[in-house]
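The values are calculated or read from the model by the stated rules, or taken from the named source; none is laboratory data. In this text the structure is predicted, and so the values were computed from the model without any measurement. Counting neighbours? That spans all protein chains shown, and the Cβs are built from the backbone with ideal geometry, glycine included. Accessible surface areas use protein heavy atoms only, side chains included; no ligands, DNA or RNA. Shrake-Rupley method; radii C 1.70, N 1.55, O 1.52, S 1.80 Å.
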Amino acid sequence: MGLTLLRHTTPAVAPGTCYGRTDLALAESFEAEAEAVLSALPAIRHLVTSPLSRCRRLAERIGAARGLDVEVAALWTEMDFGRWEGMAWDAIPRAELDAWAADFLHARPHGGESVAELRNRVAAALAAAPGDGTLVVTHAGTIKAARHLHGIPGAWEESPAFGGLVALQGSPQ
C-alpha cells in the first residue's frame, strides 16, 4: 500500500506568486475539488497533514468522510521562501534567482529555508510517517522532496497538480 501524498487544492492567490509558508485561503472551487479528491482516494488507515490551513481544511474533510482522526505534523509544512513570500516570481531580483539556480540545494538568497534543509526535514517526516495506508495532505515542495528522496527522476522539476495524488512505495534511498 505504501505512503500516499496529496497536494492541497487550489489556493486563493494570484498566478505567478511565490508562496510557501504563507497561510493562504482556498479558492472558491474548494468544494468541487474536495469532492473530486474524495472520489479518487485509495483506502487509507492514517491521515496526516501540514499545519497550514490549505492542507488542514482538506484533511479535515477527508477525515470526516473516512472516519479518521487527523494528525497535524509540522515537518510536512511547505518550504519557507523568506522575503520572497507573497512576491510575484517575475518581481524577484534576477541576481537572487540566479544565485539560487547556481546552488539549488544550498543557496538561500531569500533568507528562508534552503532546498537541502527542506529535503532533510521531509526525510525526517518520512521516517516519522505511521506506515502503510498513510495519506499525507501536503505541498508541492514537500512532495518534490519526498520523490527526490525515493530516487524518482525529475523529482524537483515536476509539480503535482492541486488535489493530485502521489504514491510512494518502499523506503527513501
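Below are the figures for this structure:
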{"item": "Label-to-label distance, nm, for residues given as GLU117 and ASP69 (7 Å Cα→Cβ offset)", "result": "3.2"}
{"item": "Selected from THR142, THR17, THR134 as most flexible by GNM, with the chain as the system and alpha-carbon contacts under 10 Å", "result": "THR17"}
{"item": "Rounded to 10°, Cα long-axis angle of helix 30-40 versus longest principal axis of the chain", "result": "60"}
{"item": "Normalised contact order of segment 85-163, rounded percent, pairs of Cα under 8 Å and 6 or more residues apart", "result": "18"}
{"item": "Principal-axis tilt of helix 140-149 within the chain, Cα atoms, nearest 10 degrees", "result": "90"}
{"item": "Probe 1.4 Å, accessible area per residue of segment 80-158, Å²", "result": "44"}
{"item": "Segment 1-141 - percent of accessible surface contributed by carbon and sulfur, probe 1.4 Å", "result": "55"}
{"item": "Highest-fluctuation residue, ARG66, ARG21, ARG54 considered, GNM on the chain with Cα pairs under 10 Å", "result": "ARG66"}
{"item": "Value at 222 nm in deg cm²/dmol, rounded to 500, when DSSP H runs of n ≥ 4 in the chain each add -39,500 (n - 2.57)", "result": "-10500 deg cm²/dmol"}
{"item": "Dipole moment magnitude, nearest 20 debye, the chain about Cα centre, only Lys, Arg, Asp, Glu C-beta charged", "result": "300"}
{"item": "Relative intensity, log₁₀ I(q)/I(0), of segment 73-173 from a Debye sum that treats every alpha carbon as a point, q = 0.13, 0.16, 0.17 Å⁻¹", "result": "-0.49, -0.72, -0.81"}
{"item": "Semi-axis lengths (Å, descending) of the ellipsoid that matches the C-alpha gyration tensor of segment 16-81", "result": "21, 16, 9"}
{"item": "Computed Rg/Rh of the chain, alpha carbon atoms with Kirkwood Rh", "result": "0.96"}
{"item": "Net length gained if the chain between ALA43 and ILE152 were fully extended (0.36 nm per residue, minus Cα distance)", "result": "36.9 nm"}
{"item": "For segment 144-171 versus segment 10-80, the gap between their alpha-carbon centres in whole angstrom", "result": "17"}
